[in-house]
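Every number in this text was worked out from the coordinates using simple rules, so none of it is lab data. Because the structure is predicted, anything quoted here is derived from the model rather than measured. Every residue, glycine as well, gets a Cβ built from its backbone with ideal geometry; the counts of neighbours run over all protein chains shown.
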Amino acid sequence: MEFRYAEKKDAALILQFIKALADYEKMSDEVVADEKLLTEWIFEKQKAEVIFVLEKNKEVGFALFFHNFSTFLGRAGIYLEDLFVLPEYRGKGYGKALLKKLASIAVERGCGRLEWCCLDWNQPSIDFYLSLGATPLTDWTIYRVTGDTLQKLTEE
């Protein structure tokens with residue numbers, strides 16, 4: 001099992017993983033990202049990072065993450081936006097390996113935490129995260145403003 005950071009030439013592969021994840025989450029119709037956007041935001045603007053996990057030189061899973069900041073801790077953390085392992089490679093430790101790799105990156109960078117969200121219906125993932133010692137935050141609700149609502153907010 002090996003890891004590698006994504007490079008600019010991997011935009012199409014990243015998009016394939018994003019689309020596979022969206023399909024799994026029954027959210028395929030929400031994907032508007034394309035290779036050009038991913039190249040711009042991940043590699044040119046450097047707003048996120050991607051790590052692949054490989055089996056025999058084949059990318060079988062990915063994690064897309066970026067830094068956030070905790071004012072209470074006074075330092076950055078890592079926010080895991082997406083983690084996905086191809087179905088035929090699940091149960092072999094790749095997901096756990098990706099999370100361990102991200103934890104190592106967080107520790108190496110002096111980050112205060114590693115966090116992510118999980119869909120409420122995704123019990124296999126919830127069970128997996130709990131088995132690793134992750135703690136669900138029950139006192140917090142995520143709020144989101146997008147699209148026309150985001151634009152409208154700028155005008156008020």
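Quick notes
- With respect to being in contact with a strand residue (DSSP E or B) (Cβ under 8 Å, 6 or more places away or on another chain), surrounded by 13 or more Cβ atoms within 10 Å (Cβ to Cβ), of a type outside the set (D, E, K, R) and in a strand (DSSP E or B), Ile51 fits the description.
- Matching residues, the stretch 88-123, being touching a helix residue (DSSP H, G or I) at 6+ places or on another chain (Cβ under 9 Å) and hydrophobic (A, V, I, L, M, F, W, C): Leu99, Cys111, Leu114, Trp116, Cys118, Leu119
- Total residues in the stretch 105-132, condition farther than 19 Å from Ser70 by Cβ and not aliphatic (A, V, I, L, M): 11
- Per-region count, the stretch 12-35, residues within 15 Å of the chain's Cα centre (by Cα), more than 16 Å from Asn122 (Cβ to Cβ) and either outside any helix (DSSP H, G or I) or not charged (D, E, K, R) (or both): 8
- The set of residues in the stretch 112-135 being closer than 22 Å to Ala76 by Cβ, part of a loop (DSSP other than H, G, I, E, B) and either touching a residue at least 24 places away in the same chain (Cβ under 8 Å) or in contact with a Phe, Trp or Tyr (Cβ under 7 Å, 6 or more places away or on another chain) (or both) consists of Gly112, Arg113, Cys117, Cys118, Leu132.
- Residues that are of a type in the set (A, V, I, L, M), within 19 Å of Asn122 (Cα to Cα) and part of a loop (DSSP other than H, G, I, E, B), drawn from the stretch 65-102: Leu86
Every residue, every condition in (1) within 11 Å of the chain's Cα centre (by Cα); (2) loosely packed, with under 12 Cβ neighbours inside 10 Å; (3) in contact (Cβ under 8 Å) with a residue 40 or more places away in the chain, yes or no:
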| residue | (1), (2), (3) |
| --- | --- |
| Glu2 | no, yes, yes |
| Lys9 | no, yes, no |
| Phe84 | yes, no, yes |
| Lys92 | no, no, no |
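- Of residues in the stretch 136-151 being part of a loop (DSSP other than H, G, I, E, B) and of a type in the set (D, E, K, R), the one farthest from Gln123 (Cα to Cα): Arg144
Listed here are the residues, each with its yes/no results for (1) more than 27 Å from Glu88 (Cα to Cα); (2) surrounded by 16 or more Cβ atoms within 10 Å (Cβ to Cβ).
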{"position": "Met27", "(1), (2)": "no, no"}
{"position": "Val31", "(1), (2)": "no, no"}
{"position": "Glu40", "(1), (2)": "yes, no"}
{"position": "Val60", "(1), (2)": "no, yes"}
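- Subset of the stretch 94-111 that is touching a residue at least 12 places away in the same chain (Cβ under 8 Å) and more than 17 Å from the chain's Cα centre (by Cα) - its residue that is surrounded by the fewest Cβ atoms within 10 Å (Cβ to Cβ): Gly110
- Search result, residues across the stretch 46-81 that are under 10 Å from the mean Cα position of the chain (by Cα) and among the hydroxyl-bearing types (Ser, Thr, Tyr): Tyr79
- Scanning the stretch 122-152 for residues that are among the aromatic types (Phe, Trp, Tyr) and either more than 25 Å from Glu30 (Cα to Cα) or surrounded by 10 or more Cβ atoms within 10 Å (Cβ to Cβ) (or both) turns up Phe128, Tyr129.
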